[in-house]
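The values are calculated or read from the model by the stated rules, or taken from the named source; none is laboratory data. It should be emphasised that the depicted structure is a prediction, and the values quoted were computed from it without experimental measurement. Note: ideal-geometry Cβ built from the backbone for every residue, glycine included; neighbour counts use all protein chains shown.
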Amino acid sequence: MRQTCSISLLLLSFDLVFKTTICIRNNENVLFYNGDDEWVLRDRYRGFGCSIDMDNEFLVIGSCRDNVDNKLRAGSVSIFKRNAIIFNFASKITVPDQQANDFFGYAVSVYNRILIASSLYHSEKYTEHGAVYVLSLEYIKVNWELEQKLLPIDSKPSYRFGRAVGIFKNVIVVGASQDNEMGETSGVVYVFSRNSVKWIQITKLYSLKSSTNDNFGVSLNVYEDVVLVGAPWYGTGRFIRSGCVYVFGRNETDVWVQTNKLYSSKPSNNGHFGFSVKIDDNKIVVGAYGENNYQGAVHVFTSGPNSWQKQTVITPHLGKKYDKFGHSISIDKNDLVVGAPFYDTNESNAGCAYTFFDMDGQWVQVVSKAVARQGGDNFWFGYSVVVHSGVVAVGSPNDFTRNGSATLIAVHHTPSKTISPSPNLITNSGSSGSELFHKNCILSFVCFLIMFFNM
């Protein structure tokens with residue numbers, strides 16, 4: 001039976017607010033909470049929502065603390081097939097050589113039917129050096145197949161290979177933030193490229209100025225010929241752990257070289273600039289969850305003629321100390337979503353997520369922030385976030401009995417255009433999208449009149 005539920009869209013203040021439908025078809029493994037404003041996936045897999053990614057075809061969610069075949073915290077990944085705003089549960093992924101406490105699914109990335117997922121504490125050659133698995137789905141098949149297991153050539157104990165992962169076209173990047181290349185836990189990033197047969201390690205990225213405890217590789221992202229690497233424990237001048245971000249580019253000889261180094265415009269002790277990084281086209285966004293007394297901030301850079309230029313610094317409206325805004329970020333064209341997993345509602349560390357829209361260089365916060373419908377202490381809503389093609393997904397790995405959840409929210413903003421919802425969308429109240437649109441137009445106009453006459 002097809003299940004639907006209405007979703008409130010997060011809109012700019014001058015947009016009309018209406019409801020639409022995200023549809024998720026049920027299955028025996030995933031539990032759903034049918035809320036008024038969003039779909040919440042209540043999963044039996046422990047740690048569900050610790051990592052999350054999405055493209056045009058798939059939504060992937062890591063459950064890094066899932067128990068598999070009596071192996072505690074071996075981990076798993078859930079895959080949902082996407083068709084616009086319709087999501088069908090497709091499969092649960094595990095790998096053959098999983099061990100207890102591997103934390104498979106700690107980091108995930110999906111691109112063009114290729115999924116990469118890390119087992120952060122996997123032990124093989126050495127204790128807890130980590131591993132990354134590459135899975136693929138051919139167009140004529142229905143099951144994801146393990147294509148390859150990636151390990152660094154120079155594995156060492158406790159490398160944390162797989163702390164962060166990314167894929168774009170024929171490039172895979174993997175962070176090993178505990179690597180000791182330039183000092184204890186200085187960190188490195190491994191770059192893999194695919195030839196006609198398999199993925200091969202082609203280089204290691206690090207900075208000659210890296211030092212002990214920089215944690216280079218805690219975060220990373222790859223897009224076209226650019227790789228971003230966060231080193232959030234890097235010290236700048238008189239500030240300790242203020243953080244920085246390295247920008248690498250691939251030159252005409254196919255060699256990756258450092259091209260830029262980004263800093264916070266307002267560095268502070270324990271600012272952790274670079275804890276999260278993302279790039280999309282000509283924009284770079286960097287999370288610094290420790291700035292402003294751990295309220296957090298997000299820094300936006302745009303590409304200039306020869307380098308990346310600072311555009312603005314984003315802080316949340318009515319943000320609070322210790323929210324850790326910028327712990328997670330995602331950008332898709334002009335949409336930006338930012339997680340603040342330690343935001344306090346009526347409960348401590350319940351968490352929230354903010355959505356922003358880029359209006360010709362001015363980032364406008366959406367009307368309201370998203371919070372868990374049934375939040376609780378230490379839910380960490382916003383621990384992981386992703387936005388893609390009008391849908392935001394927010395992970396909450398500590399939800400309820402630590403099983404975790406993921407919330408899907410549809411986002412539409414048309415500041416100067418008429419909003420036309422899809423006519424075939426049906427809400428669970430039975431109203432069509434167009435009927436509900438007209439009702440909300442009237443409601444919005446009434447609200448406007450009330451505000452106008454009370455000015």
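What to note about this one:
- Candidates in the range 82-100 are the residues that are part of a loop (DSSP other than H, G, I, E, B) and not β-branched (Val, Ile, Thr); of these, the one that is surrounded by the fewest Cβ atoms within 10 Å (Cβ to Cβ) is 96.
- Test: residue in the range 295-308 that is on the phi > 0 side of the Ramachandran plot and aromatic (Phe, Trp, Tyr): no
- Scanning the range 367-398 for residues that are touching a Phe, Trp or Tyr at 6+ places or on another chain (Cβ under 6 Å) and not in a strand (DSSP E or B) yields 369, 372, 397, 398.
Yes or no, residue by residue, for (1) crowded, with 24+ Cβ neighbours inside 10 Å; (2) in contact (Cβ under 8 Å) with a residue 40 or more places away in the chain; (3) within 13 Å of residue 75 (Cα to Cα); (4) touching a His at 6+ places or on another chain (Cβ under 9 Å):
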site: 102; (1), (2), (3), (4): yes, no, yes, yes
site: 109; (1), (2), (3), (4): yes, yes, no, no
site: 112; (1), (2), (3), (4): no, yes, no, no
site: 129; (1), (2), (3), (4): yes, no, no, yes
site: 137; (1), (2), (3), (4): no, no, no, no
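- Any hit, the range 213-224, residues being at pLDDT 95 or above, closer than 16 Å to residue 291 by Cα and crowded, with 24+ Cβ neighbours inside 10 Å: no
- Close pairs (6 angstrom Cβ cut-off, 6 or more residues apart or separate chains): in contact (Cβ under 8 Å) with a residue 60 or more places away in the chain in the range 236-260, of a type outside the set (A, V, I, L, M) anywhere: 247/259; 247/260; 256/203; 256/248; 256/250
- Whether a residue is surrounded by 20 or more Cβ atoms within 10 Å (Cβ to Cβ), more than 29 Å from residue 331 (Cα to Cα) and of a type in the set (Val, Ile, Thr) was assessed, and residue 60 does not pass this test.
- Residue check, residue 274 surrounded by 15 or more Cβ atoms within 10 Å (Cβ to Cβ), touching a Pro at 6+ places or on another chain (Cβ under 8 Å) and modelled with pLDDT of 95 or more: yes
- Considering the range 346-366, and only residues there that are in contact with a Phe, Trp or Tyr (Cβ under 9 Å, 6 or more places away or on another chain) and more than 19 Å from residue 388 (Cα to Cα), the residue that is surrounded by the most Cβ atoms within 10 Å (Cβ to Cβ) turns out to be 351.
- Which listed residue is under 22 Å from residue 277 (Cα atoms) and β-branched (Val, Ile, Thr), from 114, 140: 114
- Of everything in the range 277-291 that is surrounded by fewer than 24 Cβ atoms within 10 Å (Cβ to Cβ) and touching a Lys or Arg at 6+ places or on another chain (Cβ under 8 Å), the residue that is modelled with the lowest pLDDT is 281.
- At least 2 residues being modelled with pLDDT of 95 or more and not β-branched (Val, Ile, Thr) is the threshold, and among the strands (runs of 3 or more DSSP E) wholly inside the range 326-366 those reaching it are 328-332, 335-340.
- With respect to the conditions (1) under 17 Å from residue 194 (Cβ atoms); (2) in a loop (DSSP other than H, G, I, E, B); (3) polar (S, T, N, Q), residue 148 lacks only one, and its number is (2).
- Selection of the range 167-202 for residues being part of a loop (DSSP other than H, G, I, E, B), surrounded by 14 or more Cβ atoms within 10 Å (Cβ to Cβ) and of a type in the set (Ser, Thr, Tyr) yields 177, 185, 186.
- Count of residues meeting criterion [in contact (Cβ under 8 Å) with a residue 40 or more places away in the chain and not in a loop (DSSP other than H, G, I, E, B)] in the range 59-81: 10
- Screening residue 246 with (1) touching a Pro at 6+ places or on another chain (Cβ under 7 Å); (2) crowded, with 24+ Cβ neighbours inside 10 Å gives one miss only, at (1).
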